[in-house]
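To start, the structure itself, in structure tokens.
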Amino acid sequence: MNGIEQALIGGVDGGTAILLPGLGELVSQRSGVVNLGTEGCMLAGALASYAAAVDFHSAWVGVVIGMLAGSLCGGLHAWLVVKRKADQLASGLVIWFLALGVTSVFGSSFINKSVPPIAIWKIPLLGSIPWVGRILFDHDGLVYLSFVLVAAVWFLLYRTRMGLTLRATGERPEVVAATGGHPDRVKFLAVMLGAGLAGIGGAQLSVGYVDNWFNDMTNGYGFVAVAVVLFAAWRPVTVFLGSMMFGVALAAASVIQAHGIAVNQYLLDSLPYVITLIALVAFSRRGSSQAPEGLSKALTSSG
Amino acid sequence: MRFKSGYRRLLAIATVVAGLGLAGCSSSPASSSSSSGGTTTVGFIMVGNRDDYGYNQAVYSASQTVQKDLSKVKVITADNIPENDTVTRTMQSMVDSGAKIIFATSYGYYPYALKFAQANPSVYVFHQGGYLNGKFPPNFGTYWGEAFEPVSLGGMAAGAVTKTHKLGFVYAFPISQTIGNIDAFELGAQMTDPSAQTYIVNTSNWCDPLKQKEAAQALLSQGVDVLTQHQDCQATVIEAAKAANAYVVGYHYDAKSLDPSGWLTGSAWNWAPVYENIINAVTGGHFAGSQYNANWVGTFANNDNPLTLASFGTSVDSATQQKILSEEDLLKQPDESVFKGPIYAQDGSVIFPAGTTPTYAQINNLTQLVKGVVGSLPKS
């Protein structure tokens with residue numbers, strides 16, 4: 001296995017932990033609500049899934065519980081923002097701090113408990129394709145789930161009536177209301193669904209990839225996911241590419257060193273952020289998609 | 001444009017927060033009412049979680065031993081305190097609740113601890129792992145151990161079991177302690193496997209499980225079959241080694257229970273005796289000018305190294321154990337060191353010539369990697 005392959009394989013694993021919350025945040029923002037608490041909802045998902053996996057001896061039960069924990073976390077944000085008309089950014093940060101504190105307290109007893117990790121499953125046929133098979137189709141199930149979710153979110157947004165209502169809510173909630181819809185309900189559901197995906201993203205970290213819970217283990221990756229969504233101009237496929245790019249750059253920093261190649265540390269550390277930024281800015285320029293109008297409005301009026 | 005400003009503000013916040021990695025501010029100072037009546041309040045400040053199976057747990061469990069052993073001491077602790085001015089605020093709030101002695105136990109606390117000592121002459125401040133070149137304030141001290149001695153013993157265990165002759169070292173930052181540890185690990189490994197090589201990868205973080213996992217994976221794919229680390233939390237690397245049927249040499253805390261067959265051995269901190277000696281020196285009134293009012297470094301030779309050899313895992317055969325234990329005995333002799341010359345740098349030049357034994361200060365000032373280490377230190 002050469003270094004490029006190593007970086008790509010590790011990149012898909014690491015990138016999935018950005019992709020899942022990224023897709024969730026995309027759904028949420030399309031409805032007009034930004035959730036800076038994504039980082040916190042990931043932590044909630046990471047701990048809840050780990051704890052459940054320990055108690056039920058099943059990683060997949062853990063994933064489901066992690067998703068529920070993420071949704072609850074998102075539900076709180078949605079309640080504050082939609083029902084109580086709180087400032088979106090402030091509420092998101094509060095959610096993050098809250099989740100960080102709560103998971104640190106309750107997580108202490110779960111550090112270094114052993115869990116049955118999610119098994120690595122090589123997909124038959126696809127996994128045998130030279131090169132590509134090894135990079136894309138030889139991972140744990142959550143990685144495949146995230147692939148499927150990219151397509152699912154795209155389909156939901158652009159090919160279903162529900163998606164149309166969701167996007168309309170993000171653009172002009174008044175219009176949705178005037179046509180007999182319930183924009184607040186749509187927002188509530190979108191935020192909870194989005195945070196649920198962030199919860200699964202947390203599970204990918206704890207029971208999926210590193211087989212370990214640690215307090216504040218997300219280390220800012222939830223914020224990276226939020227940034228990826230913005231730079232990806234709210235498009236699912238671009239979110240996928242941006243997340244993977246971040247993951248690959250992160251893995252590359254390790255692989256380059258493991259090969260004994262001398263590179264400036266600060267360059268390596270900033271690589272994931274810089275590459276993702278440049279790529280996404282270049283990529284999203286070409287597109288016509290812009291910020292959902294309701295999102296911009298909500299943010300402007302709150303400031 | 002209303003539209004743009006809101007969007008930009010969001011972008012700014014998201015990117016700034018993500019970029020700075022502004023996480024981990026959950027402090028939990030477990031303090032209560034202040035002390036009186038001959039009781040001395042002692043504060044311990046930790047950078048990470050006190051249950052990390054690593055550096056911080058070693059500090060925390062020692063602080064609890066101190067509480068048990070010394071009847072006239074009241075211990076208060078704070079964990080998850082980042083290495084910025086938060087630590088100053090934490091020290092102040094400890095003093096406000098009666099603390100007379102404060103142990104600031106993370107490397108990055110050093111400038112804050114020194115400043116705080118200078119500003120508060122009635123409080124005794126101790127920094128774990130720092131090194132002051134110059135005059136000590138009468139209420140300040142640093143303490144550490146010759147970490148590289150037990151680390152070299154761990155290297156011997158690694159060299160004894162490796163089949164690929166490739167060892168992996170996951171570290172955080174290229175600080176002097178770490179350079180000494182990497183070098184000592186490789187030198188120890190060469191004693192049991194002359195062709196052993198140590199591959200190094202840094203994570204730029206004391207505990208980022210995602211990066212630790214990426215680093216471990218990168219090393220394992222390179223054919224490394226023994227991993228070791230200089231991280232505050234060690235479980236992720238141990239789990240990664242376990243999943244790949246590789247071996248692991250621990251650091252900071254004895255984590256054999258996580259993987260008894262993959263765990264070879266490691267180094268574990270035993271801080272309680274040091275803490276107690278320092279506290280007794282202060283409360284006994286003979287601190288100023290004592291050995292603790294300086295850079296105190298415990299060593300094997302003085303039989304007071306706070307870093308000790310951890311327990312052996314089931315994969316280390318008794319012959320290897322004997323070899324390691326007799327090397328430990330040898331290191332207790334004066335003028336013995338794993339860095340006893342000749343020691344060569346990666347490029348073959350001589351670092352310490354034959355027949356010389358470097359001092360702690362010389363080893364602590366090492367900036368070069370020894371021959372056999374693959375990779376280079378990031379320039380800062």
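Sum up the charges of everything whose Cβ sits under 14 Å from the Cβ of B:Val297, counting Lys and Arg as +1 and Asp and Glu as -1, but leave B:Val297 out.
Combined, the nearby Lys, Arg, Asp and Glu give -3.
Search the structure for amide H atoms under 5 Å from the amide H of B:Phe44, placed 1.01 Å from N in the peptide plane, and list their residues when 5 or more places away or on another chain.
Under 5 Å from the amide H of B:Phe44 lie the amide H atoms of B:Ile76, B:Thr77, B:Ala78, B:Phe103, each far enough along the sequence or on another chain.
Would chain B count as rounded, prolate or oblate if I go by the C-alpha gyration tensor, calling it rounded below 1.5 in a/c and otherwise prolate when a/b exceeds b/c, oblate otherwise? Walk me through the numbers on the way to the answer.
Values: a/c = 1.73, a/b = 1.21, b/c = 1.43.
Because a/c hits 1.5 or more and a/b fails to exceed b/c, chain B counts as oblate.
Please list A:Arg134, A:Arg185, A:Arg30, A:Arg167 from largest to smallest accessible area, probe radius 1.4 Å, with all protein chains kept in place. It would help to have the intermediate numbers written out before the result.
Working: A:Arg134 105, A:Arg185 150, A:Arg30 20, A:Arg167 65 Å².
Output order, biggest surface exposure first: A:Arg185, A:Arg134, A:Arg167, A:Arg30.
Distance between the C-alpha centers of region B:197-260 and region A:20-97? Whole Å please.
Cα centroid of region B:197-260 versus Cα centroid of region A:20-97: 30 Å apart.
What accessible area per residue comes out for region A:25-138, rounded to a whole number of Å², with a 1.4 Å probe?
On the way: 4790 Å² over 114 residues.
In whole numbers, region A:25-138 has 42 Å² accessible per residue.
Can you list, bin by bin at 10 Å, the percent of alpha carbon pairs in chain A, starting at 0?
Percent of pairs per bin, in order: 7, 28, 35, 23, 7, 1, 0.
Rounded to the nearest 0.05, what FRET efficiency do A:Ala86 and A:Ala262 give with R0 = 45 Å and r taken as the Cβ-Cβ distance? Could you check?
Working: r = 50 Å, r/R0 = 1.10.
With R0 = 45 Å, the Cβ-Cβ based efficiency is 0.35.
Once the Cα atoms of helix A:161-171 and of chain A are each reduced to a long axis, what angle between those two axes, in degrees from 0 to 90 to the nearest 10, is obtained?
Relative to chain A, helix A:161-171 is tipped by roughly 70 degrees.
Which shape class applies to region B:39-191: rounded if a/c is under 1.5, otherwise prolate when a/b exceeds b/c and oblate if not, where a ≥ b ≥ c are the square roots of the Cα gyration tensor eigenvalues?
Details: a/c = 2.44, a/b = 1.95, b/c = 1.25.
Prolate, since a/c reaches 1.5 and a/b exceeds b/c.
Heavy-atom accessible area per residue, chain B, 1.4 Å probe: how many Å²? Mind showing how you got there, number by number?
On the way: 14010 Å² over 380 residues.
Per residue, chain B has 37 Å² of solvent-accessible surface.
Just need the relative contact order of chain B here, percent rounded to a whole number, with Cα pairs under 8 Å and 6+ apart.
On the way: 787 pairs, mean separation 61.8, N = 380.
After rounding, I find 16 percent.
Could you name every residue in region A:266-283 that has 20 Å² or more less accessible surface in the full protein assembly than in its own chain alone (probe 1.4 Å, ligands and nucleic acids excluded)?
At a threshold of 20 Å² (probe 1.4 Å), the residues of region A:266-283 that become less exposed are A:Tyr266, A:Asp269, A:Tyr273.
So which residue, out of B:Leu331, B:Leu210, B:Leu366, gets the largest mean-square fluctuation from a GNM of chain B using Cα contacts under 10 Å as springs?
Comparing B:Leu331, B:Leu210, B:Leu366 in a Gaussian network model of chain B, the most mobile one is B:Leu210.
Per residue of region B:307-317, what does 6.51 cos²θ - 1.76 cosθ + 1.60 with θ = phi - 60° give for ³J(HN,Hα)? Whole Hz please, x for Gly and Pro, Karplus curve as stated.
So the J values, rounded to whole Hz, are 8, 10, 6, 7, 6, 7, x, 6, 8, 8, 6.
Given a Förster radius of 25 Å and the C-beta distance between B:Ala301 and B:Lys135 as r, what FRET efficiency does 1/(1 + (r/R0)^6) yield to the nearest 0.05?
Numbers: r = 27 Å, r/R0 = 1.07.
That gives a FRET efficiency of 0.40.
Excluding B:Val170 itself, what net charge comes from residues whose Cβ is under 13 Å from its Cβ, given Lys and Arg +1 and Asp and Glu -1? It would help to have the intermediate numbers written out before the result.
Values: positive: B:Lys211, B:Lys213; negative: B:Asp208, B:Glu214, B:Asp232, B:Glu239.
Result for the local shell: -2.
In chain B, carbon and sulfur make up what percent of the accessible area (probe 1.4 Å)? Can you show the working numbers first?
Working: 7040 of 14010 Å².
Carbon and sulfur: 50 percent of the exposed surface of chain B.
May I ask you to list the lysines whose Cα is less than 25 Å away from that of B:Lys163, ignoring any residue fewer than eight positions away on the same chain?
Correct list for B:Lys163: B:Lys213, B:Lys242, B:Lys256, B:Lys323, B:Lys371.
Determine the percent antiparallel among the DSSP beta bridges restricted to chain B, to the nearest 5. Each step should come with its number before you reach the end.
Values: 6 of 49 bridges.
Among the beta bridges of chain B, antiparallel pairing accounts for roughly 10 percent.
Among the trypsin sites (Lys or Arg not before Pro) within region B:161-241, which fall in a DSSP loop and have no more than 15 other Cβ atoms within 10 Å of their own Cβ? Before the final figure, lay out the partial values.
Numbers: sites: B:Lys163, B:Lys166, B:Lys211, B:Lys213; in loops: B:Lys163.
Answer in residue order: B:Lys163.
Quick check on chain B: helices-only [θ] at 222 nm, where DSSP H runs of length 4 and up contribute -39,500 (n - 2.57) each and the sum goes over total residues. Nearest 500, please. Intermediate values should be presented prior to the final figure.
Working: 11 runs with 139 residues, N = 380.
Taken over chain B, the calculation gives -11500 deg cm²/dmol.
Using only Cα atoms, find the angle between the long axis of helix A:265-285 and the longest principal axis of chain A, and express it within 0 to 90 degrees, rounded to the nearest 10.
40 degrees
Just to verify a number: FRET efficiency for A:Lys113 and B:Gln333, C-beta to C-beta distance, R0 = 41 Å, to 0.05?
On the way: r = 43 Å, r/R0 = 1.04.
Working from the Cβ atoms, E equals 0.45.
How many angstrom separate the Cα center of region A:145-169 from the Cα center of region B:43-58?
45 Å
How much of the accessible area of region A:3-297, probe 1.4 Å, is carbon plus sulfur, in whole percent? Mind showing how you got there, number by number?
Numbers: 7890 of 11050 Å².
Of all accessible area on region A:3-297, carbon and sulfur atoms account for 71 percent.
Where in chain B are the DSSP H helices whose C-alpha atoms run 24 Å or more along the long axis and whose mean Kyte hydropathy is at least -0.5?
The qualifying helices are B:2-20, B:176-192.
Based on alpha-carbon atoms only, what is the radius of gyration of region A:1-106 relative to the globular estimate 2.2 N^0.38 Å? Working shown, then result.
Numbers: Rg = 15.7 Å, N = 106, 2.2 N^0.38 = 12.9 Å.
Dividing the Cα Rg of region A:1-106 by 2.2 N^0.38 Å gives 1.21.
What quantity of accessible surface, computed with a 1.4 Å probe and excluding non-protein components, is buried in total between chains A and B, in Å² to the nearest 100? Walk me through the numbers before you get to the answer.
Working: alone 13880 and 16440 Å², together 25490 Å².
So the total buried area for this chain pair works out to about 4800 Å².
Given that compact globular proteins tend to follow 2.2 N^0.38 Å, what is the ratio of the alpha-carbon Rg of the protein assembly as shown to that value? Intermediate results must be reported in sequence, preceding the final value.
Details: Rg = 26.3 Å, N = 683, 2.2 N^0.38 = 26.3 Å.
Normalised Cα radius of gyration, the protein assembly as shown: 1.00.
If you count the DSSP beta bridges with both ends in the protein assembly as shown, what percent of them are antiparallel, to the nearest 5?
Close to 15 percent.
The values are calculated or read from the model by the stated rules, or taken from the named source; none is laboratory data. None of the values given here were measured: they were computed from a predicted structure. Cβ atoms come from the backbone with ideal geometry, glycine included; neighbour counts cover every protein chain shown. Keep in mind that these areas ignore ligands, DNA and RNA; they rest on the heavy atoms of the full protein, side chains included. Shrake-Rupley method; radii C 1.70, N 1.55, O 1.52, S 1.80 Å.
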